Amino acid sequence: MTELLAQSDAYMKEFSATVVEVVDGGVVLDRTAFYIGGGGQPCDTGTLSDGSHTYNVTKVGRVDGKIVHQMDGPTPAVGTQVTGVIDWETRYRLMRTHSALHILCGVVWRDYGAKVTGGDMRPGEARMDFELEQMSAEFATEVEAKVNAEVAAGRPIHVNVLTRSEAEEVPDLIRTRINLLPANIQEVRTIDISGLDLQADGGTHVANTSEVGTIQVVGHESKGRINKRLRIALAD
């Protein structure tokens, strides 16, 4: 089983690993700092190098239960020692974007009691859908001011791992309209924006809300009677 280094250290840009299996179009490593994608956050890209050749990693994800690093050309052989390098500019922008969504979710839940019905992100921009009956330009402007106040507050963001029984005792840990936590999951990774938002989450995040930068609410729309969408973008 591949050790997922990004789960405990989102700031790891480079790592060493060993190729344990070669599959069609890619390799499986004993450890990786590449984020494999999920929860609306895209996977990382980057490179693997064996000292004499550099391989471009174009996609990382689960294939038949294995974490496969897919490449656009030749692959290193089983047993090869490699150095992995993350496309850090894109990863860090996604970390900021993902944390911005959690700030948005925390504010809308705290002040309006609305659960999340969906979401998606790309580097620097994202959207989140909420179980709301009303949506307006005034509401979007109000929310924008509130989320940027939380950015300015410089709230620490912590990663923790709870047992399933511990997680089930935390009110509103699963903030989506439907609890998507599979029954076989016995450990739950959480993201805690201190004093604002605590949720089960497997993605990568910044360590403090101040790193997110200015959040702009760039769009709002109705997706149904009780399903409203907010679109956000990082100002830079």
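Can you give the convex hull volume per residue for the Cα atoms of the chain, as a whole number of Å³? All intermediate terms of the calculation are to be shown ahead of the outcome.
Values: hull volume 30.4 nm³, N = 236.
Cα-based convex hull of the chain, divided per residue, equals 129 Å³.
Run through all the Cα pairs of region 37-165 and give the fraction in each 10 Å bin from 0, expressed as whole percent. The distribution over region 37-165 is 10, 30, 28, 19, 10, 3, given as percents. Positive contributions from Lys and Arg (+1) and negative ones from Asp and Glu (-1), summed over other residues with Cβ under 15 Å from the Cβ of Leu4, come out at -1.
Note on the chain: with neighbouring protein chains present and a 1.4 Å probe, carbon and sulfur make up 48 percent of its accessible heavy-atom surface. Rounded to the nearest 10 degrees, the angle from helix 88-112 to the longest Cα principal axis of the chain is 30 degrees.
Quick one: net charge around Thr75, please, counting Lys, Arg +1 and Asp, Glu -1 for every other residue with C-beta under 11 Å from its C-beta.
On the way: positive: none; negative: Glu21, Asp24, Asp50, Asp72.
So the environment of Thr75 carries a net charge of -4.
Ranking Thr163, Asn208, Leu234 by how far each Cα lies toward the positive end of the dipole of the chain (charges on Cβ) leaves Leu234 at the top. A simple count of charges around Val107, restricted to other residues whose Cβ falls under 11 Å of its Cβ and scoring Lys, Arg +1 and Asp, Glu -1, yields -3.
Given Cβ point charges of +1 (Lys, Arg) and -1 (Asp, Glu) and nothing else, what value in debye, to the nearest 20, does the dipole of the chain about its Cα centre take? Write out the running numbers ahead of the final one.
Details: 23 positive and 33 negative charges, 87 e Å.
So the magnitude is around 420 debye.
For the chain, report the accessible area per residue in Å² (1.4 Å probe, heavy atoms, rounded to an integer). Mind dumping the intermediate values first?
Working: 11350 Å² over 236 residues.
The answer is 48 Å² per residue.
Between Gly61, Gly73, Gly202, the GNM of the chain built on Cα springs shorter than 10 angstrom shows Gly73 fluctuating the most. On the beta carbon distance between Arg164 and Met1, with R0 = 22 Å, the FRET formula returns roughly 0.70.
How much mean residue ellipticity at 222 nm does the chain get from its helices, if each DSSP H run of length 4 or more adds -39500 (n - 2.57) and you divide by all residues, to the nearest 500 deg cm²/dmol? Before the final figure, lay out the partial values.
Values: 3 runs with 46 residues, N = 236.
Only helices count here, giving -6500 deg cm²/dmol.
The values are calculated or read from the model by the stated rules, or taken from the named source; none is laboratory data. No experiment lies behind these values; they were computed from the predicted model shown. Heads up, the Cβs are rebuilt from the backbone with ideal geometry, glycines too, and the neighbour counts pull from every protein chain shown. Heads up: the accessible areas ignore ligands, DNA and RNA and are worked out on the full protein's heavy atoms, side chains in. Shrake-Rupley method; radii C 1.70, N 1.55, O 1.52, S 1.80 Å.
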